[in-house]
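To keep things clear, I will list the structure first and then write my remarks on it.
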Amino acid sequence: MAHGTHWREGTAGYHVFLEGPLEETPGSPTVSRKLQKIAQQAKDHPAMVFNNVFHVIARAFVLEASHQTQKSSAPGMDQVTAQQYAENVAENLRDLHERLRDQRYVAPPVERGWIEKEGGKKRPIGKPCVEDKMVQRAVVRILEAICEQEFHAVSHGVRKGHSPHQALHERREQWRTLHITWRVDAEVSGFFDNLDGSSRRQFIQQRVNEGRIRRRIGKWLHAGVREAGALIHPDKGTPQGGVMSPMVANVFLHQVLDEWVATDVQPRRKGQCVLTRCADDVIIGCTVEADARRGMAVWPKRCARFRLTIHPEKTVLMACKRPPSRDPSAGGTGTFDFLGFTHDWGKTRQGYWVIKRKTVGKRFRRCMKAVWTWCRDNRHEPLHEQHRTRGAKLRGYYQYYGIRGNFKRLEVVCEHTERAWHYWLSTRSHTGHINWQTFEGVRRQKLALPKPRIVHNISPGQGQQSDAPHGVSPVWFATGASWWLPRNRMR
């Protein structure tokens with residue numbers, strides 16, 4: 001029997017031995033039990049540094065990682081799809097596990113693509129190879145078992161049991177009950193592209209200092225990026241789109257932001273101060289203006305310490321005061337956008353002020369344009385295939401944007417989709433015009449679009465699990481590209 005964690009002298013703390021064989025056979029439940037034991041040890045002993053956990057990646061562990069890999073994800077540089085890899089999955093996984101065990105596995109470069117953003121800009125997105133995604137997912141599960149025990153509850157980015165809607169609900173309820181009047185919108189310019197390598201390694205080594213894990217992460221982040229046939233090796237950053245990148249980003253921001261607010265900012269506050277973070281989207285709310293201005297002044301210095309720069313336009317200090325109740329014509333201050341929703345003060349039917357949310361205008365218009373373009377490009381496909389895909393996209397849109405106060409925009413998207421579908425079906429040929437009466441007959445053939453509905457309507461104090469569709473990363477889901485669901489570009 002081999003021990004799972006070795007003793008380490010110094011300030012790292014104390015260690016507990018893990019029992020069990022170094023390698024498990026397929027079908028053995030020992031792997032999950034080891035992960036649970038590692039997680040429990042990380043929770044019970046916050047000073048523990050794990051030096052020997054790579055052995056948990058047995059053949060059964062790799063097989064489970066392959067089952068969790070999105071089968072419809074885009075292929076990487078080798079152009080091997082998940083379906084092609086699954087044709088001989090037993091032999092492929094056996095060979096993969098042997099290469100991992102013998103330290104012969106080589107991380108391939110990441111194929112880079114681009115997705116559109118607001119304002120005509122584009123965001124780089126990486127497409128790792130299918131086999132590389134499995135190995136990354138296996139290592140991420142080990143890091144999750146250790147690092148999740150110290151992450152703060154205010155962090156909602158790409159974590160199990162957390163979703164962007166939890167961040168939205170938490171922010172709304174905290175500001176409603178604590179009477180937050182000032183906010184700091186903090187955003188780092190190109191966070192994933194400018195992640196400092198030395199700080200990243202230091203933060204990971206505080207909990208996981210095994211050489212095989214550190215080398216594996218380093219090889220992934222330095223494998224290079226291929227774009228237009230050219231191979232580039234950036235000296236900083238982590239490619240977006242990989243399974244490992246969100247985990248590395250969470251570890252980094254936990255130390256740079258979450259711990260800093262909890263240990264340095266909170267003790268020095270004069271009033272209430274709350275933090276809400278979803279990946280690299282951050283909002284800090286304060287009840288006292290002096291606290292907000294002090295945070296606004298210190299935040300750029302904190303980022304510069306770790307070789308990051310704040311976005312000059314998206315990092316702002318703004319008042320968000322509730323309108324006076326005695327003046328029915330008054331409006332609130334500080335309308336802002338967060339996680340794809342515009343937040344503003346509005347009155348309920350009972351006459352009291354609440355924070356209302358609706359889809360951000362830029363993303364709403366982008367969705368409308370994408371609907372029109374998709375119906376045009378796919379008008380010659382079979383009707384049932386068009387209906388199946390359009391229904392999946394609309395349900396994905398409702399699943400994220402279906403919150404209280406946003407029903408009107410859901411209706412507009414649904415009606416616009418019907419009009420676009422009718423228009424482009426009428427242009428399939430010069431004699432193929434379809435009037436609305438005929439189109440209604442087509443819809444009655446079990447081809448009606450899904451109706452808008454409110455998905456997120458939880459009461460104050462209730463929790464909420466991730467609401468993104470199965471296999472879709474919540475952070476990518478929150479970027480406003482939901483019309484192109486269910487394809488998952490983050491995995």
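If I filter segment 229-251 down to residues being among the small types (Gly, Ala, Ser) and without any contact (Cβ under 8 Å) to a residue 40 or more places away in the chain, which single residue comes out as least open to solvent (accessible area, probe 1.4 Å)? Lay out the reasoning, then the answer.
Start the filter on segment 229-251 by keeping residues that are among the small types (Gly, Ala, Ser), which leaves 229-230, 237, 241-242, 245, 249.
Checking which are without any contact (Cβ under 8 Å) to a residue 40 or more places away in the chain leaves us with 229-230.
Values: Gly229: 71, Ala230: 49 Å².
Step by step, filter segment 229-251, then rank; the result is Ala230.
When Thr177 is evaluated against the numbered criteria (1) open to solvent by 10 Å² or more (accessible area, probe 1.4 Å); (2) farther than 24 Å from Met296 by Cβ; (3) of a type in the set (S, T, N, Q), which criterion, by number, is the only one it fails?
(2)
Checking Asp78 against (1) at pLDDT below 85; (2) among the charged types (D, E, K, R); (3) in a helix (DSSP H, G or I), which test does it fail?
(3)
Name the residues in segment 95-140 that are of a type in the set (Phe, Trp, Tyr) and either buried (at least 21 other Cβ atoms within 10 Å of the Cβ) or in contact (Cβ under 8 Å) with a residue 12 or more places away in the chain (or both), would you?
Hit for segment 95-140 is Tyr105, nothing else.
In this structure, is Val282 within 30 Å of Arg388 (Cβ to Cβ) and modelled with pLDDT of 80 or more? Before the answer, list the steps.
Details: within 30 Å of Arg388 (Cβ to Cβ): no; modelled with pLDDT of 80 or more: yes.
For Val282, the condition - within 30 Å of Arg388 (Cβ to Cβ) and modelled with pLDDT of 80 or more - is not met.
Which of (1) crowded, with 16+ Cβ neighbours inside 10 Å; (2) more than 18 Å from Val140 (Cα to Cα); (3) polar (S, T, N, Q); (4) within 23 Å of the chain's Cα centre (by Cα) is the odd one out, the single condition Asn92 does not satisfy?
Checking Asn92 against (1) crowded, with 16+ Cβ neighbours inside 10 Å; (2) more than 18 Å from Val140 (Cα to Cα); (3) polar (S, T, N, Q); (4) within 23 Å of the chain's Cα centre (by Cα), the one that fails is (4).
Here is a list of conditions, (1) farther than 25 Å from Glu170 by Cα; (2) part of a strand (DSSP E or B), and Lys236 meets all of them except one; can you say which number that is?
It fails just one condition, (2).
Quick one: how many residues across segment 196-228 are without any contact (Cβ under 8 Å) to a residue 60 or more places away in the chain and in a loop (DSSP other than H, G, I, E, B)?
Here the count works out to 2.
Could you please find all residues in segment 331-353 being assigned to a strand (DSSP E or B) and open to solvent by less than 20 Å² (accessible area, probe 1.4 Å)?
Residues satisfying the conditions are Phe336, Phe338, Phe341, His343, Gly346.
If you scan segment 354-389, which residues turn out to be among the β-branched types (Val, Ile, Thr) and either under 25 Å from Leu168 (Cα atoms) or open to solvent by 50 Å² or more (accessible area, probe 1.4 Å) (or both)?
Val354, Ile355, Thr359, Val360
Taking segment 141-153, which residues are of a type in the set (A, V, I, L, M) and buried (at least 21 other Cβ atoms within 10 Å of the Cβ)?
Residues of segment 141-153 of a type in the set (A, V, I, L, M): 142-143, 145-146, 153.
Hits for segment 141-153 are Ile142, Leu143, Ala145, Ile146.
Within segment 99-110, is there a residue that is within 20 Å of the chain's Cα centre (by Cα) and at negative phi?
Yes: one or more hits.
Are any of the residues in segment 268-278 within 26 Å of the chain's Cα centre (by Cα) and open to solvent by 50 Å² or more (accessible area, probe 1.4 Å)?
No, because not a single residue in segment 268-278 is within 26 Å of the chain's Cα centre (by Cα) and open to solvent by 50 Å² or more (accessible area, probe 1.4 Å).
Go over the candidates Arg453, Arg409 one by one and state the one that is open to solvent by 60 Å² or more (accessible area, probe 1.4 Å), without any contact (Cβ under 8 Å) to a residue 60 or more places away in the chain, touching a helix residue (DSSP H, G or I) at 6+ places or on another chain (Cβ under 7 Å) and within 28 Å of His169 (Cβ to Cβ).
After applying the criteria, what remains is Arg453.
Has segment 163-170 got at least one residue that is more than 25 Å from Lys314 (Cα to Cα) and either surrounded by fewer than 22 Cβ atoms within 10 Å (Cβ to Cβ) or touching a residue at least 12 places away in the same chain (Cβ under 8 Å) (or both)?
Among the residues of segment 163-170, not one is more than 25 Å from Lys314 (Cα to Cα) and either surrounded by fewer than 22 Cβ atoms within 10 Å (Cβ to Cβ) or touching a residue at least 12 places away in the same chain (Cβ under 8 Å) (or both), which makes the answer no.
Note down all Cβ pairs under 8 Å where the first residue falls in segment 319-345 and is of a type in the set (Phe, Trp, Tyr), the second is modelled with pLDDT under 80 and open to solvent by less than 10 Å² (accessible area, probe 1.4 Å), and they're at least six residues apart or on different chains.
Final answer for the pair search is Trp345/Pro323.
Are any residues in segment 227-250 at positive phi and among the aliphatic types (A, V, I, L, M), and if so, which ones?
Ala228, the sole residue that qualifies.
The values are calculated or read from the model by the stated rules, or taken from the named source; none is laboratory data. None of these values were measured; they are calculated from a predicted model. Note that each Cβ is placed from the backbone with ideal geometry, even for glycine, and that neighbours are counted across all protein chains shown. When the accessible area is computed, the model is the full protein with side chains, heavy atoms only, and any ligands, DNA or RNA have been set aside. Shrake-Rupley method; radii C 1.70, N 1.55, O 1.52, S 1.80 Å.
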